[in-house]
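Shown next, in structure tokens, is the structure this report addresses.
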Amino acid sequence: MTRFTVNGQPIEYRLDPDTPLLWALRDASNLTGTKYGCGTGQCGACTVHVDGRAVRSCQMPIGRLEGSFVTTIEALSPDRSHPIQQAWVAESVPQCGFCQPGMIMAAAALLEQNGAPSDADIDAAITNLCPCGTYPRIREAIRRAARVRGGQEQISAAPPPDIDPCDAARRVPALDAGGAPARRR
């Protein structure tokens, strides 16, 4: 049995201690925001925070996490208010979206450690792979989130944290093509 905290909740996993954290999160806890990519720790799709550090969960056996605090994309900011989530939308980073949770978690950890990262800092910390190649927008989103965290900028293009995603296009003109009221689907 392995005990640690996941997204603020104490968890006791009755799994083999060598089970990768990725599979404990996805299969045992149904936290599917953490993605399986390569299984070798190279792509970063499975990145989560362990005690505040960005960690590739496919390479972390749960037996090494006793007493740790794990945060997944589901708990980074459930209301989308985290500056990196706001900047991600404002800078139109997502394409296919597969790498996004891991990329966002890596970027959030970087901003916790370095409130004003240079491009070299970003390149060194964000080694996640993006098959769509949105790296320039990722870098700009990280810089923008740093400015938001530092109080130098506010983001008005991203949906406000208190808005239901279904209502976002109606309340945020930038998300509505042509300025006409958005229709619900």
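The values are calculated or read from the model by the stated rules, or taken from the named source; none is laboratory data. Because the structure is a prediction, the values reported are computed rather than measured. Note that we place each Cβ from the backbone using ideal geometry, even for glycine, and neighbour counts take in every protein chain shown. Surface accessibility is based on the protein's heavy atoms, side chains included, excluding ligands, DNA and RNA. Shrake-Rupley method; radii C 1.70, N 1.55, O 1.52, S 1.80 Å.
The residue that is surrounded by the fewest Cβ atoms within 10 Å (Cβ to Cβ), among those in the range 100-129 that are of a type in the set (S, T, N, Q) and more than 19 Å from Cys38 (Cβ to Cβ), is Ser118.
With respect to Ser81, determine if the residue is outside any helix (DSSP H, G or I), closer than 20 Å to Ala45 by Cα and either of a type outside the set (A, V, I, L, M, F, W, C) or open to solvent by 20 Å² or more (accessible area, probe 1.4 Å) (or both). Judged against the criteria, Ser81 is not a match. Across the range 72-128, the number of residues qualifying as among the polar types (S, T, N, Q) and closer than 18 Å to Gln154 by Cβ comes to 5. Criterion applied to Leu15, Leu22 was being touching a residue at least 12 places away in the same chain (Cβ under 8 Å) and buried (at least 20 other Cβ atoms within 10 Å of the Cβ), and the one residue passing it is Leu22. The residues in the range 25-56 that are open to solvent by less than 10 Å² (accessible area, probe 1.4 Å) and more than 21 Å from Cys96 (Cα to Cα) can be counted, and the count is 2. Evaluated against (1) part of a helix (DSSP H, G or I); (2) modelled with pLDDT under 95, Cys130 falls short on exactly one condition, (1). Scanning the range 130-157 for residues that are basic (Lys, Arg) and touching a helix residue (DSSP H, G or I) at 6+ places or on another chain (Cβ under 7 Å), we see that the one that is most open to solvent (accessible area, probe 1.4 Å) is Arg149. Against the definition (modelled with pLDDT of 95 or more and either assigned to a loop (DSSP other than H, G, I, E, B) or not aliphatic (A, V, I, L, M) (or both)), how does Ala116 come out, yes or no? Criteria met by Ala116. Among the criteria (1) under 28 Å from Cys132 (Cα atoms); (2) open to solvent by less than 10 Å² (accessible area, probe 1.4 Å); (3) more than 13 Å from the chain's Cα centre (by Cα); (4) in contact (Cβ under 8 Å) with a residue 60 or more places away in the chain, the one Thr2 does not fulfil is (1).
Taking the conditions exactly as written (acidic (Asp, Glu) and under 30 Å from Gln154 (Cα atoms)), does Asp18 satisfy them or not? No: the conditions fail for Asp18. Scanning the range 58-76 for residues that are open to solvent by 10 Å² or more (accessible area, probe 1.4 Å), touching a residue at least 40 places away in the same chain (Cβ under 8 Å) and in contact with a helix residue (DSSP H, G or I) (Cβ under 7 Å, 6 or more places away or on another chain) turns up Met60, Ile73. Scanning the range 86-99 for residues that are crowded, with 24+ Cβ neighbours inside 10 Å and in a helix (DSSP H, G or I) yields Gln86, Ala87, Trp88.
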